[in-house]
Amino acid sequence: MSSTQSRVYTVAGILLFLPGFYFYKADLPSQASWGTVLKSRLLLLLLDGIVVFAFLNTFKWFRSRRPLGISLEPKAFFLLFVPLVLAAFYYIHTTYIGPLHFWPQVLQFVINWPAIVAFLVGSRLYEPMIFD
């Protein structure tokens, strides 16, 4: 993938992130300031990005294995690092920004998913099957 394609995917990720940033505020208090909204959305984008990164790379890892030679040996990154980082982001958000509720966060995750995939492809952290 060329650097121009990377830039296009990064710009697409920013554009895909903006509607959820501006229009989806169900999980924030009505009196939330612009700075609080920005901190919340960026923190949740990072949180969702870690989940999507782990999810996509797990599928890539399984896809690269031979059908009869699948090793179910877990990777330390997925078992230790990802849950600890998710817990840290959750703690930071609930302590400094506000409470998180399950269903609004699920909807925010679905809204952020296309932006996250575009950011991951743009930063070359993930290559979709069309580039294989």
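How far apart, in nanometres, would the label points at residue 6 and residue 102 be if each is projected 7 angstrom from Cα along the Cα-to-Cβ direction?
Roughly 4.0 nm, to one decimal.
Pop a pseudo-label 7 angstrom from the Cα along the beta-carbon direction at both residue 37 and residue 125 and give the gap in nm to one decimal.
Once both label points are built, they end up 2.5 nm from each other.
For residue 80 and residue 92 in the same chain, what is the full-extension length gain: residue separation times 0.36 nm, less their Cα-Cα distance, in nm?
Extra length available between residue 80 and residue 92 comes to 2.5 nm.
Since every read-out is calculated from the coordinates, none of them should be taken as a lab result. Since the structure is predicted, the reported quantities are computational estimates derived from the model, not experimental observations. Reconstructed Cβ throughout: ideal geometry from the backbone, glycine too, with neighbour counts over all protein chains shown.
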